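So the structure is just underneath, and the comments pick up after that.
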Amino acid sequence: MSRKMQTAVVEQFGKPLVLREWDVPTPGPGQILVKTEACGVCHTDLHAAHGDWPLKPMLPFIPGHEGIGLVAALGAGVTNVKEGDRVGVPWLYSACGHCEDCLAGWETVCAEAQFGGYTRNGGFAEFILADPNYVARIPSRLSASAAAPIICAGITTYKGIKQTAARPGEWLAISGIGGLGHLAIQYGKAMGLQICAIDIDERKLAHAKLLGADCVVDARAHDCIAEVKKLTGGGAHGVLVTATSLGAFKQCVGITRKRGTCVLVGLPPGEFPIPLFDVVANCVTIRGSFVGTRSDMAEALAFAADGKVKADIELQPLSAINQVFDRLGHGDVPSRVVLDFASTWT
């Protein structure tokens, strides 16, 4: 008789997840089975469950791409991890490994990439199948719950900051101080940058100050662009847009310094409004950044293991996932929720 595990499953787009039993998968050749200890909840999981993006997951599926756990079983031929290792199963589930993007160290844009909790079942389950070549290696100094947000929100913001090419002592403006933005502040400070935090929520701006932001701007109460330029002496050298509001995207070019770089990681619905004259005349670079590579993952986790970056987390059981999704959709999650599998059904 097959072993069963508890899961939260998307059976219909836009409907509540179904809490149900599912067969524990058996790892095939080149696969591993991970016993989940914790899994972060990301806004991308909500997009997946709603079927918001052009390439939709196949129903039914198990979301979750911040799963952390212990290797429970190895498929044939696996030698690079062993049972008992703590690993993370991130958004980048696997890639082909041989295309020009993979060979250039850009496996995140591989045409054959698979994504955890989207094209492959993810971490809203007691066990996860994974590709051992793409799992995150979790440092021993990090707990499962502390590591969970780092393998998505952490790597996404860290890679985005790198893509701005801002150098120590220069200004980084972060638009959106939520689950990603509060980590971006910490990474930016650890990388020697001056931080200007932008949001429309006074609580998040107060939080930004506590995390070390050098200045904060309330986008509702000020002429945001003029205020950022005033505080940063002409605009930020690098801008990281983590917000999911088109209003934030409309501001981002205006707050970028001449010859600066604006990096987009948020994914609001709609079209990106670009002021072409300003982009051309000020030699502004606009760049998209999509999570990060395995090398970026190791670096992002190292900052956290050294205590320089720490996600603010709220633990919840898997059984609360629909309430968590409802809060996430209404902007009522200040930082990151992590599903704690020690209390899955409590």
Strands (runs of 3 or more DSSP E) contained entirely in the range 269-346, each with at least 1 residues that are more than 20 Å from the chain's Cα centre (by Cα): 285-288
Count - residues of the range 30-84 that are in a loop (DSSP other than H, G, I, E, B), among the β-branched types (Val, Ile, Thr) and over 22 Å from the mean Cα position of the chain (by Cα): 3
Any hit, the range 192-208, residues being under 21 Å from the mean Cα position of the chain (by Cα) and polar (S, T, N, Q): no
Within the range 138-160, tally of residues that are crowded, with 24+ Cβ neighbours inside 10 Å and either over 17 Å from residue 287 (Cβ atoms) or of a type in the set (A, V, I, L, M) (or both): 10
Whichever residue in the range 237-275 is β-branched (Val, Ile, Thr) and in contact with a His (Cβ under 9 Å, 6 or more places away or on another chain) and, among such residues, is modelled with the lowest pLDDT: 244
Within the range 179-252, helices (runs of 4 or more DSSP H) holding 2 or more residues that are surrounded by 19 or more Cβ atoms within 10 Å (Cβ to Cβ) and in contact (Cβ under 8 Å) with a residue 60 or more places away in the chain: 181-190, 202-210, 246-252
Residue selected from the range 317-327 under the condition surrounded by fewer than 19 Cβ atoms within 10 Å (Cβ to Cβ) and either in contact with a Gly (Cβ under 9 Å, 6 or more places away or on another chain) or touching a residue at least 60 places away in the same chain (Cβ under 8 Å) (or both), by the criterion farthest from residue 181 (Cα to Cα): 319
Options 109, 135; residue that is of a type in the set (A, V, I, L, M) and touching an Asp or Glu at 6+ places or on another chain (Cβ under 6 Å): 109
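The values are calculated or read from the model by the stated rules, or taken from the named source; none is laboratory data. Note that this is a predicted model, so its numbers are computed, not measured. All Cβ positions, even for glycine, are placed from backbone atoms using ideal geometry, and neighbour counts span all protein chains on display.
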